[in-house]
1. Could you grab the pairs with beta carbons closer than 9 Å, sequence gap of 6+ or different chains, first residue in the range 208-223 and acidic (Asp, Glu), second one open to solvent by 40 Å² or more (accessible area, probe 1.4 Å)?
2. I'm trying to understand the selection: among the residues of the range 230-256, which are farther than 17 Å from ILE303 by Cα, open to solvent by 50 Å² or more (accessible area, probe 1.4 Å) and of a type in the set (S, T, N, Q)?
3. Which count do you get for residues in the range 105-156 that are outside any helix (DSSP H, G or I) and either β-branched (Val, Ile, Thr) or surrounded by 15 or more Cβ atoms within 10 Å (Cβ to Cβ) (or both)?
4. For the range 240-257, how many residues meet the condition of being part of a strand (DSSP E or B) and under 30 Å from the mean Cα position of the chain (by Cα)?
5. Starting from the range 107-123, take each residue that is within 17 Å of GLN165 (Cβ to Cβ) and list its partners that are among the polar types (S, T, N, Q) and part of a helix (DSSP H, G or I), counting only C-beta distances under 8 angstrom and pairs at least six apart or across chains.
6. Taking ALA290, is it surrounded by 17 or more Cβ atoms within 10 Å (Cβ to Cβ), under 16 Å from GLY43 (Cβ atoms) and either at pLDDT below 85 or touching a Lys or Arg at 6+ places or on another chain (Cβ under 9 Å) (or both)?
7. Just to be sure I understand the filter: pairs with C-beta atoms under 8 Å, separated by 6 or more residues or on different chains, first member in the range 61-73 and in contact (Cβ under 8 Å) with a residue 24 or more places away in the chain, second member of a type in the set (Lys, Arg) and open to solvent by less than 60 Å² (accessible area, probe 1.4 Å). Which pairs pass?
8. Got at least one residue in the range 166-185 being more than 30 Å from ASP298 (Cα to Cα), under 18 Å from the mean Cα position of the chain (by Cα) and either part of a helix (DSSP H, G or I) or without any contact (Cβ under 8 Å) to a residue 12 or more places away in the chain (or both)?
Amino acid sequence: MQTLKEKKSGCVLAKVALYGCLCVMLMSAVGCRKHKNDADAYGVCEATEITVSSEANGKMLQFGVHEGEYYEAGTVVGCIDTFQTYLQIKQLESSINATLARRPDATSQVRVLDDKLNTLNKEKQRVSNLIEANAASTKQLDDIQAEINITKSQIAATKSTLSTQDQSLLEEVEAMRFQMQQLQHALENCRIKTPIAGTIINKYIEENELAYQGKPLFKIADLSNMFIKVYVTEDMLSSIKLNQKAIVCLDNKDGKSIKLDGKVTWISPKAEFTPKMIQTKDDRVNLVYAVKVSFKNDGSAKIGMPGDVLFK
């Protein structure tokens with residue numbers, strides 16, 4: 001019969017063996033799970049960001065931009081003071097009207113010479129009839145013909161002069177109309193619009209502040225179409241192609257991965273050293289290629305959020 005000491009020793013050995021088996025199973029499960037979720041590349045989520053700057057000078061009279069809100073493309077979100085531009089447009093309109101009023105009345109001025117020419121032609125016919133009746137001399141007919149020729153030359157010269165004057169005034173008006181288009185364009189630039197449909201990331205100015213050309217007003221990004229920039233080694237590059245499908249994995253607070261479908265939209269044509277903020281010091285000496293994977297965002301991804309990429 002076994003002694004009490006031997007029984008206790010056997011129980012201890014059995015417990016140790018059971019604990020060892022459990023540890024091996026747990027490590028195997030963790031190792032399998034790690035291998036299953038092992039990613040091909042790592043990076044951070046990004047979006048195309050556009051910084052909208054002022055194209056006009058003046059006080060910001062109204063600016064209804066709110067950070068974090070979504071706006072459709074072409075939405076008017078602000079207005080810069082347009083009073084000075086409006087006055088310049090009205091002044092230019094008056095100048096155009098005044099210039100058009102100076103256009104010569106060619107019809108009335110030429111009509112006087114036409115009437116004189118008609119009278120001379122009638123006089124010529126009358127003198128011709130008198131010559132046939134031996135009641136007038138040919139000198140009278142020559143004098144009338146000379147005056148007719150002079151009148152025709154006057155008509156031609158008058159038409160040419162009036163046409164030149166009219167064309168010159170029309171060109172002045174055309175130049176002022178180009179200036180009008182510039183002012184109208186400047187007036188339109190006073191209305192601040194969103195260039196794309198997206199979410200406001202940053203706001204740089206408030207109402208009643210002074211805006212000037214080139215001053216940033218706000219930054220907008222399309223968060224529905226994002227991308228993640230990752231780096232791959234040269235041995236992986238041969239298996240990656242443009243428009244290739246990929247899976248973007250994001251972590252959530254529950255510890256589960258959110259998977260989003262994506263595709264490769266850009267591959268760097270040249271190698272570079274791995275960015276120091278992503279890899280360890282030992283890995284930074286390796287040459288890698290940058291790759292962009294675009295994906296549709298369902299609201300899970302945020303700018304700057306880390307993610308993994310699995311290439312299919």
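The values are calculated or read from the model by the stated rules, or taken from the named source; none is laboratory data. Everything numeric in this text was worked out from a predicted model, so none of it was measured. Every residue, glycine as well, gets a Cβ built from its backbone with ideal geometry; the counts of neighbours run over all protein chains shown. Keep in mind that these areas ignore ligands, DNA and RNA; they rest on the heavy atoms of the full protein, side chains included. Shrake-Rupley method; radii C 1.70, N 1.55, O 1.52, S 1.80 Å.
1. The qualifying pairs are GLU209/LYS59; ASP222/THR48; ASP222/GLU49; ASP222/ILE50; ASP222/ILE196.
2. Correct list: THR233, SER238, SER239, ASN243.
3. 1
4. Going through the range 240-257 one residue at a time, the tally reaches 3.
5. GLN109/THR158; VAL110/THR158; LEU113/THR151; LEU113/GLN154; LEU113/THR158
6. yes
7. Note: pairs meeting the criteria are VAL65/LYS203; HIS66/LYS203; GLU67/LYS203.
8. Within the range 166-185, one or more residues are more than 30 Å from ASP298 (Cα to Cα), under 18 Å from the mean Cα position of the chain (by Cα) and either part of a helix (DSSP H, G or I) or without any contact (Cβ under 8 Å) to a residue 12 or more places away in the chain (or both).
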